[in-house]
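Nothing in this text is a laboratory measurement; each read-out follows from the coordinates by a stated rule. Here the structure is a predicted model, which is why all the values come from computation and not from measurement. With ideal geometry, Cβ positions are generated from the backbone for all residues, glycine too; neighbour counts draw on all protein chains shown.
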C-alpha cells in the first residue's frame, strides 16, 4: 500500500468521525429537554455552536469540524422537511478507497461513487424515510456514534 492510499484511508476515518459528530450534534439540537412541540432541526450550522432557543449557553459542537477531504469547515447540507438541516455530506468529488461494508447509522459505502455520497443524516423516529431519501436507521439508539471516539470502520 502506498503512503497516498494510507493517508486517504486516514482521511476517510476522519471524515466518518466528523460526519458522525455533526450528526450527533444535530440530534442533540433536535431533542430539547422538555416539550416535544419544540423539536425542530437547526436552521444554520452556527446554531450547533450556540443554541439561540435558550437564554443560557448550550453548545452541541465547540467548532464546526473541517471536512478532511476538502480541508474546509464547509459542508453540503441535507434539508429537513421543516426547512432546517438534518444532515451533511462532503463537497469532495474524489473517489473513496472504501467502497463496501457498513457501519451503524453511517453512509452507504456500496452506493457511494464519491465522498459527496457519504451522507450523515439524523433520522428521528417520527420522520418518514421517504422524505429524506436516506436508508432507515437500524433499531436501537439512533445516535450510535460517540463524539469522543471515532467509528469503527470495516476495511
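What is the order of 56, 117, fewest Cβ neighbours within 10 Å to most?
By the 10 Å Cβ count, ascending, the order reads 56, 117.
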Order of 74, 24, 10 from fewest to most other C-beta atoms within 10 Å? 10, 74, 24
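Rounded to the nearest 0.05, what FRET efficiency do residue 13 and residue 54 give with R0 = 41 Å and r taken as the Cβ-Cβ distance? Could you check?
0.75
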Return the distance in nm (one decimal) between the two label points of a simple spin-label model at residue 70 and residue 117, each offset 7 Å from Cα along Cα→Cβ. 1.9
